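The structure appears below as structure tokens.
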Amino acid sequence: MNDLIQMTGIGKSFAGIIALQNTSLAIRPGEVHAIIGQNGAGKSTLIKILTGVYRRDEGEVRMNGKPLAISTPREAQDAGIATIYQELSLVPLRSVTENVVMGYEPRNRLGLIDWKAAHARTREILARFGVKVDVTRQLGSYSTAIQQLVAIARAVSLEAKLVIMDEATSSLDDQEIETLFSVVRNLRESGVAVLYISHFLDELYRICDRVTIMRDGRTVATHDVAQTTKLGLVSEMLGRDAREIQAVGLTALSGGHGQPGEVLLEAQDMRSRTGLRGASVTVRRREIVGLGGLLGSGRTEAARAIFGLDPLTGGRVVHHGGVRIDNPAQAIALGMGFLTEDRKADGIIPHMSVRENISLALLPRLRRLGAVDRARERKLAQHYIDALQIKTAGMEQPIRELSGGNQQKVLLARWLALEPEILILDEPTRGVDVGAKFEIQSIIRKQVAQGLAVLLISSEFEELVEGADRIVVLQDGRSVSELQNPGVTEDALIGAIAHQHERNVA
Amino acid sequence: MADTNTFDLRRYLKGGGHSFGVWAALVIVVLFGLMRYDNFGGAYNISSFLNYNAMFIVISVGMCFVILTGGIDLSVGSVAAFTSVVAAYLSPYGIQVALPGAVLAGLAIGGLNAFFVVAMRIPPFIATLATMLGAKGGALVISGAQTIAIDWESNFTKLGMEKAFGLLPWTIVITAVVVVALWIVLEFTSLGRTVLAVGGGEDATMMMGLGVARAKVFVYLLSGGCGGLAGVFLASGFGAGQPLEGVGWELSAIASVVVGGTLLTGGMGSVAATVAGALLLGLVFNILNFENGRGVISLSAYWQMVIRGGFLFAVILLQSQLTTRTRRAAE
């Protein structure tokens, strides 16, 4: 088969540091092609060269056999290469239609924008995806999933030959992912190639035809997905032996083997305006309690209520000291921490240094005569940079310059520095590469062994099943069952969630 | 290790890399003035320059704190006009009453801003626009739209004229004390760090249990208080309460803050660079006055404003060029 895109011998360096070296990538028309690799493996650099954001230093890009000279994103778009970014680059305040046709609006005889035709065209494309929305409404009034589909609709409307999806599913729930995948299949059938970048290996097996693995700025191999195993892919990504990885498991967690201590926190029959309708969780010392359930089942809401972020309308949260928790400051004072799901929005303070980001929550305790004790602050920051192996040029480096995995470690350090009794971890390894994921999981395991209690929320069943000592299953804001490790399997967890679901529907 | 305890100048300069442009421009302008005009470096010029610009420095520093939280305070000019009238009315009781009285009046308006922004959740731009109009109206009402002469018999007049410890006018000394105190607050206290954190990410700061509301109340009170102090300086400098003054001061203050490299979105900036920004904008007028004094050219106040605008643009351009270059070098 003739390749649609052929990138050969691509090299790129930034200020003398090599980002890509002799990299090759071939994409066939109408295939779903995945690129996987750890953060820093060169995935995004390669994509940005293909989409005209960066210029390559060496190598060649061909499209349908002809050399392709692209130096701006607009040229890439005109050549038929469309990109759907992780952070959507659409205009939320304008209508769905405007977002789809912007820059390429259909005109009438007077040369004015033909809105009727534009709306019809937008409606028609979205209908093909099985999406029925009011295209005249503001894009921002729809969910992220719809917005993502609109971005794809824009690509289709521009007659793209290749659609690049960068971490497209990272903020979607299961049902939305299903819709997205059917759209991807739809694209494939109509001959459009999809380049798919994801940290979730499971997704690969569900929709991708072929996979290219990148490591250290090179493409290591390309396989037919059907002929690979998850373990094989991970070992190629990490450059480590498959057997070595198998020995430690797919996650660095192992629940159900510790000896939980006394009860630290009891949340009973929590109800709230955020959708809790009777959720109960008990957390003991030295244990990891998982919160299982679909997105929207009330996992994050339960955690927020426990931390005093959202007021309860019923039920109660009792700390073992016998105190009710009403706000985050109080929760922190009682020895709790909350590593939030959205690292960018309510985690890092981007302009601040690694040092400042680590010490921020601890500041009230670092005061000496009203001023921040800088010497202690530096010692503390250095301690955690070493202990968690945070890769940074120094504690004064702004946190925004760190990779996702290292940012997450800094945030983990922030909470560990408070020496909490209970730590709530909401998707602690989402969007970080496999290597950092292992490291973060081992840090958590070590802390739990030393007495920390963890409330773990994760969309990855693997992480819950292998990690948690107990899993509380939530459904529509209610806690409906509890699974006890050892002995929990992924199937059992899925069964528990699905079973309850069926019963509720019936 | 010495590293943890000593003040590392190199690290400090590196951390303040975004404000390098304003310092460079300040040095260039000062050198230019020293070489071109005989009396530029003279004690009289320095003293009168600082005396006049003290009020702008004070409101700029207050504004800097507000902007660091991601807010804005449009009311400072009106606050200064209002409190200058308050100070003039109180001047017969002496400086020991007039100064605290005017500052309290400023704090009251700042408190109102804080209430609107923090308790009522009104966007700062709107809230302070309202108090800007209100304070302006208040100043006109209590003064009957007339300048209110200060009591020349009282010790209020000493503020801008008598030298503290025989060195510098009181105005300059008070300004220096305020600036140093606020520099310490921002750089060395957890309150200062919280102010920066709020501007960098309010949700994250709240999640960490830090006092977001407290930090915001602090910055609006501070800005109001700074406006009150500026009102005192205004009254003493002009010998009268000036209800019609203060128009556009908030924009000058914002300009000083921005020239100093503080991000308008908050989260990053410095007190020292803001002072440098205020000095720089003041110096442009100072130099144009000298130029007019040479008799070769004669620029009206209107043209001076145009030139100041162009200069502001040039400094910000220099600033952004330097920032992108250092960022590229870092990558």
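The values are calculated or read from the model by the stated rules, or taken from the named source; none is laboratory data. Fair warning: this is a prediction, and the values are worked out from it, not measured in the lab. Neighbour counts run over all protein chains shown; Cβ positions are idealised from the backbone, glycine included. Heads up: the accessible areas ignore ligands, DNA and RNA and are worked out on the full protein's heavy atoms, side chains in. Shrake-Rupley method; radii C 1.70, N 1.55, O 1.52, S 1.80 Å.
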B:Val212 - would you say it is β-branched (Val, Ile, Thr), more than 9 Å from chain A (Cβ to nearest Cβ) and under 20 Å from the mean Cα position of the chain (by Cα)?
no
B:Pro123 versus (1) out of contact with any helix residue (DSSP H, G or I) (no Cβ under 7 Å at 6 or more places or on another chain); (2) closer than 13 Å to B:Ser236 by Cβ: which is the lone unmet condition?
(2)
Counting only helices (runs of 4 or more DSSP H) wholly inside region B:129-208, the ones holding at least 2 residues that are open to solvent by 20 Å² or more (accessible area, probe 1.4 Å), within 14 Å of another protein chain (Cβ to nearest Cβ) and without any contact (Cβ under 8 Å) to a residue 40 or more places away in the chain are B:170-188, B:202-207
Among the residues of region B:23-34, are any modelled with pLDDT of 95 or more, open to solvent by 30 Å² or more (accessible area, probe 1.4 Å) and touching a Gly at 6+ places or on another chain (Cβ under 7 Å)?
no
Reported set for region B:82-108 where residues are closer than 24 Å to B:Ile122 by Cα and open to solvent by less than 10 Å² (accessible area, probe 1.4 Å) is B:Gly106
Considering (1) within 9 Å of chain B (Cβ to nearest Cβ); (2) of a type outside the set (Asp, Glu); (3) under 30 Å from A:Leu402 (Cβ atoms), say which one A:Arg304 fails and leave the rest.
(1)
When residues of region A:307-349 are filtered for being out of contact with any strand residue (DSSP E or B) (no Cβ under 7 Å at 6 or more places or on another chain) and facing chain B (nearest Cβ under 8 Å), how many remain?
13
Taking region A:106-145, which residues are free of Cβ contacts under 8 Å to residues at least 40 places away in the same chain and within 22 Å of A:Ile177 (Cα to Cα)?
A:Thr122, A:Arg123, A:Glu124, A:Ile125, A:Leu126, A:Ala127, A:Lys132, A:Val133, A:Asp134, A:Ser141, A:Ser143, A:Ala145
Exactly one of A:Val150, A:Val131, A:Val184 is at pLDDT below 85 and on the phi < 0 side of the Ramachandran plot, and that one is A:Val131
Within region A:325-340, can one find any residue that is within 22 Å of A:Gln441 (Cα to Cα), surrounded by 17 or more Cβ atoms within 10 Å (Cβ to Cβ) and polar (S, T, N, Q)?
yes
Of (1) open to solvent by 10 Å² or more (accessible area, probe 1.4 Å); (2) assigned to a loop (DSSP other than H, G, I, E, B), B:Ser236 fails just (2)
Give me the residue from region A:126-159 that is part of a helix (DSSP H, G or I) and of a type in the set (Ser, Thr, Tyr) and, out of that set, nearest to the chain's Cα centre (by Cα).
A:Thr144
Taking the condition without any contact (Cβ under 8 Å) to a residue 60 or more places away in the chain and in contact with a helix residue (DSSP H, G or I) (Cβ under 8 Å, 6 or more places away or on another chain), does A:Ile443 pass?
yes
Just one of A:Arg367, A:Arg400 is surrounded by fewer than 18 Cβ atoms within 10 Å (Cβ to Cβ) and within 23 Å of B:Val185 (Cβ to Cβ); which is it?
A:Arg367
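Quick grid of which residues meet (1) in the same structural domain as A:Ala387 (by TED's automatic domain parsing); (2) within 24 Å of the chain's Cα centre (by Cα); (3) under 22 Å from A:Lys230 (Cα atoms):
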{"residue": "A:Ile440", "(1), (2), (3)": "yes, yes, yes"}
{"residue": "A:Leu452", "(1), (2), (3)": "yes, no, no"}
{"residue": "A:Ser459", "(1), (2), (3)": "yes, yes, yes"}
{"residue": "A:Leu464", "(1), (2), (3)": "yes, yes, yes"}
{"residue": "A:Gly467", "(1), (2), (3)": "yes, yes, yes"}
{"residue": "A:Gly477", "(1), (2), (3)": "yes, yes, no"}
{"residue": "A:Asp491", "(1), (2), (3)": "yes, yes, yes"}
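To keep it simple, each residue is scored yes or no on (1) open to solvent by less than 60 Å² (accessible area, probe 1.4 Å); (2) among the charged types (D, E, K, R).
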site	(1), (2)
A:Leu112	no, no
A:Val131	yes, no
A:Asp134	no, yes
A:Val150	yes, no
A:Lys161	no, yes
A:Asp166	yes, yes
A:Thr179	yes, no
Every residue in region A:256-314 that is at pLDDT 85 or above, more than 27 Å from A:Ala145 (Cβ to Cβ) and among the polar types (S, T, N, Q), please.
A:Gln268, A:Ser280, A:Thr282, A:Thr313
Take A:Leu93 and tell me if it is in contact with a strand residue (DSSP E or B) (Cβ under 8 Å, 6 or more places away or on another chain), open to solvent by 30 Å² or more (accessible area, probe 1.4 Å), assigned by TED's automatic domain parsing to the domain that holds A:Ser157 and at pLDDT below 85.
yes
